[in-house]
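Peer 1: Provided herewith is a single structure, encoded as structure tokens, for subsequent inquiry.
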Amino acid sequence: MEIFISGSLAYDRIMDFPGHFAEHILPEKIHLLNVCFNINSLVEKFGGTAGNIAYSLASLGEKPFIVATCGQDFQRYEQWLEQNSLPSNYIKPIPGVFTAGAYITTDLDDNQITAFNPGAMAYESRLPVLNNGSDRKMVFIGPGNKNDMKNFAASARQSKTPFFFDPGQSLNIWNGDELRETVAGALCFISNDYELALFLQMTKWRMEDLYKQVEVVITTRGPEGALLDVKGDKILIPAVAVKEVLDPTGAGDALRAGILKALAMNLPWDIACQMGVTVASFSVEHHGTQEHRFDWDVFCSRYRTAFGELIC
């Protein structure tokens, strides 16, 4: 199966502030804030929704196509993708701009201040041509350039290609009409609890309205796991236990990779969600969204421990 993942590619620049933000911000002067935080470390990680999902899919033996844009500083990331056998056919370079970047500063209380530069993500990418041929295809539409998200959904509908819609962090740039139009006909709407509530508020829909537009709704619930909802028939798939949770960032993207792998194998939705939470368990054991490493045998061993024999 050909899997196309539309979304962001980004560098995550993570900084640690050895103090407390609250001690350096005067509430009565918040209207003319001017502060500087001296950091004691800076680490650069590869990130972005599309990159994160593709990375975990590569660990599961897939070679998905990333549909995104990149900037003039993409060489390091491109080499990383090559090392992980990920094709870059549909990654469109935008000259004169930087690849999207998140600049995250964390204090001793785990409070975070983040600045995000969309960079190349502000430009539309080169969408693949979907047709009604015999080749099996699946499209995952994650947070990224809004025009790409809308156009890719329209193309998938027209070609009858199954697609996921995951607006995620991009919800703040949509309006209700756009969301209602783009989600229509999706195989699956996937989000976390907060994003689902915001989506329903923005579209002025109830869950019954969403059921009419999509086949399946999957809602991630952090340490609780994931809720599989098929037209109101709900099953909570519990998270897989790990020895130590080091960083939950990126667990949702890893979960999405597990679900996509299961569907590529023609497995049912409950097993797909079980595979999703299993992949997520590898992610939370490491700092960063593309730091975990496992192969199919290691994955199957952990899956069996949590859920029993995997049907392959």
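The values are calculated or read from the model by the stated rules, or taken from the named source; none is laboratory data. Computed from a predicted model, the values in this text were never measured in an experiment. Cβ coordinates were reconstructed from backbone atoms using ideal geometry, including for glycine residues, and neighbour counts include every protein chain displayed.
Peer 1: Restricting to the range 106-147, give me the number of residues that are closer than 21 Å to T69 by Cα and of a type in the set (D, E).
Peer 2: Total meeting the criteria: 1.
Peer 1: If you take the residues in the range 76-135 that are aliphatic (A, V, I, L, M) and assigned to a loop (DSSP other than H, G, I, E, B), which one is nearest to V43 (Cα to Cα)? If you could, list the steps in order and put the result at the bottom.
Peer 2: The first filter runs over the range 76-135 and keeps only residues aliphatic (A, V, I, L, M), leaving 81, 86, 91, 94, 97, 100, 102, 104, 108, 113, 115, 120-122, 127, 129-130.
Now narrow it down to the ones that are assigned to a loop (DSSP other than H, G, I, E, B): 86, 94, 97, 108, 127, 129-130.
Details: L86: 23, I94: 25, V97: 21, L108: 17, L127: 32, V129: 37, L130: 38 Å.
Among them, the one singled out is L108.
Peer 1: List every residue pair whose Cβ atoms sit under 7 Å apart, with the two residues 6 or more apart in sequence or on different chains, where the first one lies in the range 170-191 and is in a helix (DSSP H, G or I) and the second, anywhere, is at pLDDT 95 or above and hydroxyl-bearing (S, T, Y).
Peer 2: From the range 170-191, the pairs are G176/T203; L179/T203; R180/T203.
Peer 1: Please verify whether the range 31-51 includes one or more residues that are in contact with a helix residue (DSSP H, G or I) (Cβ under 8 Å, 6 or more places away or on another chain), among the aromatic types (F, W, Y) and more than 14 Å from N84 (Cβ to Cβ). Explain how you work it out, then say what you get.
Peer 2: Step one: of the range 31-51, the residues in contact with a helix residue (DSSP H, G or I) (Cβ under 8 Å, 6 or more places away or on another chain) are 35, 37, 46, 49, 51.
Next cut, among the aromatic types (F, W, Y) only: 37, 46.
Filter again for more than 14 Å from N84 (Cβ to Cβ), leaving 37.
Yes - at least one qualifying residue is present in the range 31-51.
Peer 1: Got a sec? Which strands (runs of 3 or more DSSP E) wholly within the range 1-56 have at least 3 residues that are within 20 Å of I113 (Cβ to Cβ), at pLDDT below 90 and under 18 Å from the mean Cα position of the chain (by Cα)? If you could, list the steps in order and put the result at the bottom.
Peer 2: Numbers: elements: 2-6, 10-16, 41-47.
Answer list for the range 1-56: none.
Peer 1: Right, next: Restricting attention to the range 140-163, does a residue exist that is assigned to a loop (DSSP other than H, G, I, E, B), more than 13 Å from G7 (Cβ to Cβ), within 18 Å of the chain's Cα centre (by Cα) and not small (G, A, S)?
Peer 2: Start the filter on the range 140-163 by keeping residues that are assigned to a loop (DSSP other than H, G, I, E, B), which leaves 142-145, 160-162.
This time we only want the ones that are more than 13 Å from G7 (Cβ to Cβ), so: 160-162.
If we keep only those that are within 18 Å of the chain's Cα centre (by Cα) as well, we get 162.
Pick out the ones that are also not small (G, A, S) and you get 162.
Yes - at least one qualifying residue is present in the range 140-163.
Peer 1: Considering (1) more than 15 Å from the chain's Cα centre (by Cα); (2) surrounded by fewer than 19 Cβ atoms within 10 Å (Cβ to Cβ); (3) closer than 29 Å to P128 by Cα, say which one A186 fails and leave the rest.
Peer 2: (2)
Peer 1: Checking E208 against (1) over 29 Å from M1 (Cβ atoms); (2) in contact with a helix residue (DSSP H, G or I) (Cβ under 7 Å, 6 or more places away or on another chain), which single condition isn't satisfied?
Peer 2: With (1) over 29 Å from M1 (Cβ atoms); (2) in contact with a helix residue (DSSP H, G or I) (Cβ under 7 Å, 6 or more places away or on another chain) applied to E208, the lone miss is (2).
Peer 1: Considering A251, A241, which residue is surrounded by 14 or more Cβ atoms within 10 Å (Cβ to Cβ) and in contact with a Ser or Thr (Cβ under 8 Å, 6 or more places away or on another chain)? Quick ask: steps written out before the conclusion?
Peer 2: Values: A241 fails: surrounded by 14 or more Cβ atoms within 10 Å (Cβ to Cβ).
Of the residues listed, the single one that is surrounded by 14 or more Cβ atoms within 10 Å (Cβ to Cβ) and in contact with a Ser or Thr (Cβ under 8 Å, 6 or more places away or on another chain) is A251.
Peer 1: If you don't mind, there's one more thing I want to ask. V216: touching a strand residue (DSSP E or B) at 6+ places or on another chain (Cβ under 6 Å), without any contact (Cβ under 8 Å) to a residue 60 or more places away in the chain and surrounded by fewer than 20 Cβ atoms within 10 Å (Cβ to Cβ), yes or no?
Peer 2: Working: touching a strand residue (DSSP E or B) at 6+ places or on another chain (Cβ under 6 Å): yes; without any contact (Cβ under 8 Å) to a residue 60 or more places away in the chain: yes; surrounded by fewer than 20 Cβ atoms within 10 Å (Cβ to Cβ): yes.
So V216 fits the description; yes.
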